[in-house]
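Enquirer: Take this structure, written in structure tokens, and hold onto it; I'll ask about it next.
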Number of protein chains: 2
Amino acid sequence: MNTIKNSTERILLSHGSGGEMMHKLISDVILKYSDSSESNSLDDAAELLMNGRHIAFSTDTFVVKPVFFPGGDIGTLAVSGTVNDLLMKGARPAYLSLGFVLEEGFPVEDLKRILESIGQTCRRAGVSIVTGDTKVVGRGEADSIFINTAGVGDIIPGVQISGSNAHSGDSVIVSGTIGRHGVAVMGERNGLKLKGDIVSDAAPLNEVVIPLLEKFKEKIHILRDPTRGGVATTLNEIARSSGCGIAIEELAIPVDNAVQAVCEILGFEPLYLPCEGRFLSVVDGAFTDEIISFLREETGCRQASVIGKIIASTPGTVQLHTLSGGKRIIDMPSGELLPRIC
Amino acid sequence: MNTIKNSTERILLSHGSGGEMMHKLISDVILKYSDSSESNSLDDAAELLMNGRHIAFSTDTFVVKPVFFPGGDIGTLAVSGTVNDLLMKGARPAYLSLGFVLEEGFPVEDLKRILESIGQTCRRAGVSIVTGDTKVVGRGEADSIFINTAGVGDIIPGVQISGSNAHSGDSVIVSGTIGRHGVAVMGERNGLKLKGDIVSDAAPLNEVVIPLLEKFKEKIHILRDPTRGGVATTLNEIARSSGCGIAIEELAIPVDNAVQAVCEILGFEPLYLPCEGRFLSVVDGAFTDEIISFLREETGCRQASVIGKIIASTPGTVQLHTLSGGKRIIDMPSGELLPRIC
């Protein structure tokens with residue numbers, strides 16, 4: 001319609017969801033000026049060699065809307081998100097930074113409530129906030145509050161986790177029911193009265209992941225938290241990185257009845273809904289039962305489940321064996337799914 | 001006027017400038033839930049003990065308006081700011097994280113230009129971007145682009161820098177002319193045609209600070225970059241932390257003629273204007289001449305100057321010996337000076 005402006009590409013909401021286009025742009029442009037091999041993967045967490053030791057380093061910015069939702073708030077998310085990213089690299093989270101952008105007029109009482117969530121979540125995760133920054137912008141120049149956290153932690157000795165580490169015969173495990181965070185936030189945003197009191201799963205995973213890694217070390221091949229884009233997106237990323245196929249069983253995927261009901265009404269697909277307190281793991285197939293028993297009995301993940309397996313065929317794709325006995329390819333999402341979900 | 005809402009305190013722009021009220025709120029609320037000694041100082045950079053080695057860790061969020069200004073852009077600032085915070089702790093900056101908040105509709109060409117600045121500034125600073133995150137929010141939910149960086153680096157062995165390390169007889173040094181960043185951004189924001197082509201001093205300081213620390217080690221007592229609140233605020237913070245007085249000579253403070261002229265017209269005080277590529281240092285008085293010669297001849301800081309000294313009297317205050325022979329107390333700023341300057 002407007003040919004004058006056709007040449008001027010602009011950022012869309014969808015640039016923030018899958019993130020592939022944005023990642024490519026950032027890495028292409030920045031890598032032009034960088035000689036460092038560390039820059040070659042702009043993962044959610046990086047592994048650094050400092051003084052001969054392996055350290056994980058990660059960052060996330062949180063813009064969730066609304067700021068408060070059933071089961072947590074932006075503060076819970078800001079700590080859990082970065083703590084979990086470090087854990088997914090096999091690291092013991094230690095220290096966080098905290099950067100605020102506040103809109104002029106934001107209620108101080110709300111900030112205090114968020115700070116209390118941050119403090120409580122830090123205590124639960126065993127991490128300390130050691131450095132911070134606060135910027136205030138004018139009314140209408142930001143939407144209430146945005147929080148960035150970055151974190152560092154030592155990688156646990158003996159752990160060998162990498163996104164390309166899935167092998168045929170490995171099992172795919174999820175640590176609990178999926179989709180609660182997405183439904184809790186979307187329900188609150190839209191003023192829905194949700195049945196069954198669906199609360200977000202947002203939580204730090206250290207109490208589960210650290211014992212798991214200490215006990216099973218190199219038997220744990222991949223750890224990922226299925227946040228933006230959910231389980232479907234994360235599994236597709238694993239299939240691509242490892243050059244393998246993944247077959248999952250619809251029947252085996254734990255979904256709360258209340259979440260399932262909301263999804264059916266609103267047309268959401270649980271596999272694409274974000275979780276903020278769950279992890280996916282690809283593990284040595286021979287240790288599957290032992291790992292599931294450990295998760296259920298020793299770490300409180302009573303609904304930890306084997307949801308599928310790594311296969312040699314159909315590399316790079318994820319197939320779902322449906323309840324009705326059919327097969328369906330689970331694709332990467334396209335476009336913006338749920339803006340400002342974290 | 002509105003008694004119903006009187007009890008509801010709200011964030012003001014001034015909460016972002018001096019930052020004292022905000023720092024106190026954050027530390028008070030978070031420290032309630034934290035046992036860690038590392039949390040006791042929410043400095044711009046923290047010193048961490050990881051695996052028996054000393055690491056500096058720092059974060060800053062950048063919301064500068066306008067995004068592009070003479071001498072740099074938000075990308076130059078985002079890298080320089082965190083690199084310089086690490087240097088001010090005596091660390092060799094190594095790795096950065098990068099977190100974007102983008103407003104829907106932001107031009108992709110502008111993002112590319114900013115990414116190129118980030119890449120070039122990283123190369124100059126000898127650091128790598130190793131982890132990142134991008135969030136997109138709707139139109140009107142953020143003002144174009146905000147960038148957070150966090151960074152880590154090893155503290156240089158033998159260096160002993162601390163904000164409480166100023167002693168009577170020490171010299172106060174500034175590495176170059178002050179105030180250019182503040183004038184460049186405010187001029188651009190207000191559409192002023194500034195005489196003399198005033199460009200921001202925004203730059204990473206590694207090429208100066210690392211050689212200085214390697215050569216003079218423990219003779220360098222304090223390093224600080226006078227960003228928000230400028231030289232006046234930073235000197236007041238040093239006087240308070242060290243429990244000393246500071247006497248500075250107006251005649252000795254290097255200010256570009258063009259900056260001075262703009263300040264006189266607009267009513268700015270150069271001592272309160274932010275710098276983004278300068279540092280203040282408190283050094284062993286016996287090495288003053290040697291350090292100034294080194295800065296001027298070996299590091300290219302031709303206008304590095306001794307601007308004053310640490311004195312035992314009037315602890316906690318900064319006094320200016322004026323051109324006319326008088327004395328004036330230089331206070332901490334109150335209220336919002338220059339919003340969104342970095």
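The values are calculated or read from the model by the stated rules, or taken from the named source; none is laboratory data. Just so it is clear, the model here is predicted, and its values are computed rather than measured. Quick reminder, even Gly has a Cβ in these numbers, built from the backbone with ideal geometry, and neighbours come from all protein chains shown.
Enquirer: Looking for whichever is under 21 Å from the mean Cα position of the chain (by Cα), at positive phi and at pLDDT 70 or above here; the options are A:Gly16, A:Gly52, A:Gly75, A:Gly71. Which one fits?
Expert: Criteria check complete, one pass: A:Gly71.
Enquirer: Check the range B:259-275 and report whether any residue there is touching a residue at least 60 places away in the same chain (Cβ under 8 Å) and of a type in the set (D, E, K, R).
Expert: Scanning the range B:259-275, I find no residue that is touching a residue at least 60 places away in the same chain (Cβ under 8 Å) and of a type in the set (D, E, K, R), so the answer is no.
Enquirer: With the range B:108-189 as the region, which strands (runs of 3 or more DSSP E) entirely inside it contain at least 3 residues that are within 25 Å of A:Asp60 (Cβ to Cβ) and within 14 Å of chain A (Cβ to nearest Cβ)?
Expert: Hits in the range B:108-189: B:128-137, B:145-155.
Enquirer: Moving to a separate point now. Output the residues belonging to the range A:260-276 that are buried (at least 23 other Cβ atoms within 10 Å of the Cβ) and either part of a loop (DSSP other than H, G, I, E, B) or in contact with a strand residue (DSSP E or B) (Cβ under 6 Å, 6 or more places away or on another chain) (or both).
Expert: Once the filter is applied, which keeps residues that are buried (at least 23 other Cβ atoms within 10 Å of the Cβ) and either part of a loop (DSSP other than H, G, I, E, B) or in contact with a strand residue (DSSP E or B) (Cβ under 6 Å, 6 or more places away or on another chain) (or both), the range A:260-276 yields A:Leu273, A:Pro274, A:Cys275, A:Glu276.
Enquirer: All but one of (1) crowded, with 18+ Cβ neighbours inside 10 Å; (2) closer than 20 Å to A:Thr234 by Cα hold for A:Leu115; state the number of the condition that does not hold.
Expert: (2)
Enquirer: For the range B:190-205, state whether one or more residues are part of a helix (DSSP H, G or I) and not aliphatic (A, V, I, L, M).
Expert: No, the range B:190-205 contains no residue that is part of a helix (DSSP H, G or I) and not aliphatic (A, V, I, L, M).
Enquirer: Against the conditions (1) in contact (Cβ under 8 Å) with a residue 60 or more places away in the chain; (2) farther than 20 Å from B:Leu49 by Cα, where does B:Gly90 fall short? Just the number, please.
Expert: So B:Gly90 meets the others, but not (2).
Enquirer: Follow-up. Just to be sure, is B:Gly243 surrounded by fewer than 24 Cβ atoms within 10 Å (Cβ to Cβ) and either closer than 22 Å to B:Leu323 by Cα or at pLDDT below 95 (or both)?
Expert: Answer is no for this residue.
Enquirer: Taking the range B:45-99 only, how many residues are surrounded by fewer than 24 Cβ atoms within 10 Å (Cβ to Cβ), at the interface with chain A (Cβ under 9 Å from one of its Cβ atoms) and assigned to a loop (DSSP other than H, G, I, E, B)?
Expert: Of the residues in the range B:45-99, 3 are surrounded by fewer than 24 Cβ atoms within 10 Å (Cβ to Cβ), at the interface with chain A (Cβ under 9 Å from one of its Cβ atoms) and assigned to a loop (DSSP other than H, G, I, E, B).
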